[in-house]
Amino acid sequence: MRIGEAARRVGVDAHVLRHWHDTGVVVADRSAAGHRLYTDEHIVRLTTVLACQEVGLSLPEIRTVLHRGETGRRETINRRLARIRAQRARLDEAESFLQHVVDCTHDLLTRCPDCTRYAGTAPEQTMPFPRR
Ligand SMILES: [Zn+2]
């Protein structure tokens, strides 16, 4: 199938597939006329790359992760796992904080030791999985 059809099937713009092709993430075949051609196998690879993006891996990291023999593959995955676990810990703290605040008996949060303790540890950046 041509690039437009492949892009539609995986739900991204064609320029994304062109970029992934040019950077060697998912390299399409070429027709005699020079058009990029995608097989069902390519579609599987494209959806796998999207899944890797969903867990926060960059394109260079995804290139490393896709092939089992790549140097640094285990380190790349372990680095991402460590970040995910840190983010989960922060989200657990955020959840506990809000669960406390909803029923906090202090008239001002700033007068509550539990509330201010959380504020003292709040990080500058808590959003998990920034995309692209
Ligand atoms: Zn409180």
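Just a few scattered comments:
- Its Kirkwood hydrodynamic radius, worked out from the mean inverse distance over all distinct Cα pairs, puts the chain at 18.0 Å.
- For the pair the stretch 46-102 and the stretch 103-118, the centres of their Cα atoms are 32 angstrom apart.
- Largest GNM mean-square fluctuation across 49, 16, 25, computed for the chain with C-alpha springs under 10 Å, falls on 16.
- Gain on full stretching of the segment that runs from residue 103 to residue 44 - 0.36 nm per residue minus C-alpha separation: 16.5 nm
- Calculated FRET value between residue 32 and residue 58, using beta carbons and R₀ = 30 Å, to 0.05: 0.30
- For residue 37, distant residues with modelled amide H under 5 Å away: 29, 30, 31
- Near residue 27: Cβ cut-off under 10 Å, other residues only, Lys/Arg at +1 and Asp/Glu at -1. The net charge is +1.
- Exposure proxy order (Cβ contacts within 10 Å, fewest to most) of 93, 41: 41, 93
- The chain, relative contact order in percent, only Cα pairs under 8 angstrom and at least six apart counted: 19
- Helical content alone sets the calculated 222 nm signal of the chain at -19000 deg cm²/dmol, taking -39,500 (n - 2.57) per DSSP H segment of four or more residues and averaging over every residue.
- Hz values of 3J(HN,Hα) by residue in the stretch 96-111 - Karplus curve (6.51, -1.76, 1.60), Gly and Pro given as x: 4, 4, 5, 5, 6, 4, 4, 10, 4, 8, 6, 6, 10, 4, 5, 9
- Ordered by the count of other Cβ atoms within 10 Å of each Cβ, fewest first, 66, 108 give 108, 66.
- Relative contact order, percent, the stretch 3-54 [alpha-carbon distance under 8 Å, six or more residues apart]: 31
Throughout, read-outs are computed from the coordinates displayed, never taken from laboratory work. As the structure is a computational prediction, the values presented were derived from the model and not from experiment. FYI the Cβ positions are ideal-geometry reconstructions off the backbone, even for glycines, and counts take in every protein chain you see.
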